[in-house]
Amino acid sequence: MMRNLKIRELVLIAGACLLFMTNATAQYKSFSLSPKGDTLNAVDQKGLKQGKWVISVGELRGEPGYDEEGAYKDGKKFGVWRRYNSTGDILAIENYKYGGKDGIQEYFSFLGELQRQEQWHAYNPDSPFDTIPVYGTGSNEILSYKIVRAEQYSVPHGDWTFYEGGRITKSETYDRGQLKKNRAEQTTTAAVKSEEPASKEKVKTKEILEYEQKYSKKKRKQLERVGKTGL
């Protein structure tokens, strides 16, 4: 009796696997299964990548290999993608939208230290136009705006910060692909302007000050002698 039940369970499991394989074959042109039975690296009948993907890239021209994992939707990357080195340490955490980078991206050294943090903006392929600012030469002043066709999936947009040993070494700011003055330069410029005198009066030399002081004393004595107050 127990033996018959086990055989029946095995038949049901085999039937479920066969049904899954049949549905997957009808839905996908190709795919693979993870050790847990999850569908990976699926390509649909239209040749578009779908669902969760795990990609391994071998060493090439001295560059170390890596593995990355994330998801595709209709052939375009979306959501969070992670990249690891050969020992499983994190190298990058990227965010995608419409197939392009969007939002904050983080990149790490082989020791796991944060090296760079970027911000990107992804364009919707269904609405490939955007209004961008036009800046003055050598300044951050916006002179006008213009409508352009977004030929790239994504462009740098926002703050980029570079690190070394946990300290910030460089900062840049982008506005839809255009590099503005980095924040360090902006801070320095602002500090210099704040130190400038409010009025543009000429600086008086020592000789001029002495002359004015002498003249003022002489003038006061003359006024006292004639009995005038100067009013």
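General remarks:
- Some residue of region 88-104 being farther than 30 Å from residue 179 by Cβ, out of contact with any Lys or Arg (no Cβ under 6 Å at 6 or more places or on another chain) and not hydrophobic (A, V, I, L, M, F, W, C): yes
- When 34, 86 are checked against the criterion of being exposed (fewer than 13 other Cβ atoms within 10 Å of the Cβ) and either closer than 22 Å to residue 162 by Cα or polar (S, T, N, Q) (or both), a single residue qualifies: 34.
- Test: residue in region 107-119 that is of a type in the set (Asp, Glu), touching a residue at least 24 places away in the same chain (Cβ under 8 Å) and either within 27 Å of residue 73 (Cα to Cα) or in contact with a Lys or Arg (Cβ under 9 Å, 6 or more places away or on another chain) (or both): yes
- The listed residue being farther than 27 Å from residue 166 by Cβ and at pLDDT below 95, out of 70, 65: 65
- Residue 133 meets each of the listed conditions (1) surrounded by fewer than 17 Cβ atoms within 10 Å (Cβ to Cβ); (2) out of contact with any Pro (no Cβ under 7 Å at 6 or more places or on another chain); (3) at pLDDT 80 or above apart from (3).
- Hey, residue 79 surrounded by 15 or more Cβ atoms within 10 Å (Cβ to Cβ) and out of contact with any helix residue (DSSP H, G or I) (no Cβ under 9 Å at 6 or more places or on another chain) or not: no
- Region 120-136, residues that are farther than 23 Å from residue 72 by Cα and either among the basic types (Lys, Arg) or in contact (Cβ under 8 Å) with a residue 12 or more places away in the chain (or both): 129, 130, 131, 132, 133, 134, 135
The values are calculated or read from the model by the stated rules, or taken from the named source; none is laboratory data. Everything numeric in this text was worked out from a predicted model, so none of it was measured. All Cβ positions, glycine included, derive from the backbone under ideal geometry; neighbour counts span all protein chains shown.
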